[in-house]
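Structure first, then comments.
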Amino acid sequence: MGEWVATATHRQTRTFLPPADFCPLCPTKPGGFPTEIPEPTYDIVAFENRFPSLQPEPPAPAVEATELYPVRPGVGVCEVLVYTPIHNSTLAGEPVEQIHKLVQVWTDRFRALSAHEFVEYVFIFENKGEAIGVTLHHPHGQIYAYPFIPPRVERELTQSRAHKDATGRCLLCDIVADETADGRRVVAKNDSFAAYIPFFARYPYEVHIASTRHLQALTDMSGAEQRDLAAILKSVIAAYDKLFDLSFPYMMVLHQRPVDGGVYDYYHFHVEFYPPLRTATKLKYLAGSESGAGMFINDTLAEEKAAELRAHVRPVVWQAGGAGKATTGEATGEEAGGD
Amino acid sequence: MQRRQITLEDGRYLIFYTFEEETAAPSNSDEEAGAPADSKRRAEPDAEPQATEERRV
């Protein structure tokens with residue numbers, strides 16, 4: 001079918017929803033049980049996943065390839081990023097300064113993993129909430145360094161290239177310009193980024209965050225842009241939690257250029273959120289049409305859902321050095337929350 | 001930002017990231033612009049960790 005599937009049977013035995021007293025991502029307390037992190041505290045930690053889907057030196061495939069079924073070793077890297085030593089926190093609950101630190105760590109890991117010859121794409125993501133299927137509640141994200149460009153990114157590359165060839169312009173630059181000019185689907189914005197529910201949203205509360213400057217990866221960002229990314233992330237995920245007054249589950253993914261040595265100057269960095277909730281108590285299921293045909297049915301209008309989220313966006317406050325540049329929910333000249 | 005890398009008993013690496021107070025104050029400056037490129041085509045020496053300490057635990 002032109003897509004690779006990773007077979008990782010050892011992951012069946014991975015830790016599954018342990019009690020808080022035995023969280024493997026908490027610091028190892030003196031006299032306590034040994035966790036993954038052998039020190040009594042930390043700020044942010046990155047480590048190789050104990051149960052990786054891809055490894056730098058993978059075992060030989062368990063089955064032989066045939067002409068019909070190609071097989072290759074699962075080469076790559078799977079990392080875990082632990083956002084904070086505080087077990088009961090969430091990224092939304094962390095101060096913007098901590099999210100800024102995370103952006104810097106993302107940038108560092110992107111750069112380091114890109115240096116591997118066998119890595120062609122570095123995929124940074126977070127699964128949050130049992131509705132998504134997380135097995136550990138401690139705030140953390142993951143990075144998969146793939147030996148190929150994954151299909152969803154490949155599709156975006158193809159469409160971005162086609163748009164560039166047809167118009168001479170960047171597809172995401174056009175979308176960001178259109179969304180910010182229209183305003184109805186904008187959730188938040190600041191000097192460097194716009195957050196919006198795309199016109200073509202597949203999930204009711206799907207939010208994309210795109211840079212207003214044409215750049216392809218975290219490593220292209222200035223210091224000010226890194227801070228602005230942290231601020232708008234804080235705005236969006238805090239608004240998610242306020243929406244139904246619960247810890248909002250989501251998948252968060254960063255889409256950056258491939259790192260295979262090719263030229264991808266037509267591509268545009270952005271973050272995508274796929275929350276599974278369509279109401280406080282109802283999930284958006286990926287059923288027959290979505291799973292079997294790849295055709296999403298969205299029961300909501302992006303304009304209405306964006307207004308709901310925008311009403312919960314609050315200015316981001318940095319703890320030191322003044323108020324900084326607030327991320328606002330302004331979209332159409334109304335006060336944030338005016339919808 | 002500082003990195004300190006250790007090696008776990010099973011051979012996996014673990015990196016502790018620590019930070020100065022630099023994250024506290026937003027700025028309009030682009031003083032950190034031009035971070036080293038990431039791709040193999042444009043890889044730079046900075047791709048290697050700084051302040052790395054190998055330690056088996």
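Each reported figure results from applying straightforward, stated rules to the coordinates on display, with no laboratory input. Small disclaimer: the values here were computed from a predicted structure and weren't measured. All Cβ positions, even for glycine, are placed from backbone atoms using ideal geometry, and neighbour counts span all protein chains on display.
Per-residue shielding of B:5-18, expressed as the average number of other chain Cβ atoms within 10 Å of the residue Cβ, stands at 6.
For the peptide A:100-111, the mean number of other protein chain Cβ atoms found within 10 angstrom of a residue's Cβ is 4.
With the convex hull constructed from alpha-carbon coordinates only, the range A:233-305 shows a mean projected area of 7.2 nm² over all directions. Within 10 Å of the Cβ of each residue in A:92-99, the mean number of Cβ atoms contributed by other protein chains is 2.
Listed by Cβ neighbour count within 10 Å, with the fewest neighbours leading, A:Asp178, A:Asp241, A:Asp21, A:Asp228 appear as A:Asp21, A:Asp178, A:Asp241, A:Asp228.
Computed about the Cα centre, the dipole magnitude for chain A is approximately 280 debye when only Lys and Arg (+1) and Asp and Glu (-1) carry charge, each at its Cβ. Could you calculate the FRET efficiency of A:Asp241 with A:Gln319 from 1/(1 + (r/R0)^6), where r is the beta carbon distance between them and R0 is 25 Å, rounded to 0.05? Computed FRET efficiency for A:Asp241 and A:Gln319: 0.80.
Absence of a disulfide-compatible partner, taken as no other cysteine beta carbon within less than 4.7 angstrom, is noted in chain A for A:Cys78. Legend: translational diffusion of chain A by Stokes-Einstein, Rh = Kirkwood radius over C-alpha pairs, 4 °C, 1.567 mPa s; D = 61 µm²/s. Each peptide among A:42-49, A:54-61, A:82-89 gets the average number of other Cβ atoms lying within 10 Å of its residues, and from highest to lowest they stand as A:42-49, A:82-89, A:54-61.
Given labels modelled 7 Å from the Cα in the Cβ direction, how far is it in nm from A:Arg152 to A:Tyr285? Using points 7 Å along Cα→Cβ, the separation is 2.1 nm.
Pairs of Cα atoms nearer than 8 Å and 6+ residues apart set the relative contact order; for the range A:142-224 it is 18 percent.
Checking the cross-link pairs A:Lys29/A:Lys101; A:Lys164/A:Lys305; A:Lys128/A:Lys282; A:Lys189/A:Lys305 against a 20 Å limit on the alpha carbon distance flags A:Lys29/A:Lys101; A:Lys164/A:Lys305 as lying beyond it.
Apply the a/c threshold of 1.5 to the C-alpha gyration tensor of the range A:60-168 and tell me whether it is rounded, prolate or oblate. It is oblate, given that a/c is not under 1.5 and a/b is not larger than b/c. Placing unit charges on each Cβ (+1 for Lys and Arg, -1 for Asp and Glu) gives the range A:103-262 a dipole about its Cα centre, and among A:His137, A:Ile232, A:Tyr121 the Cα reaching farthest toward its positive end belongs to A:Ile232. Length gained on full extension, A:Thr180 to A:Arg72: 34.4 nm, using 0.36 nm per residue less the C-alpha separation.
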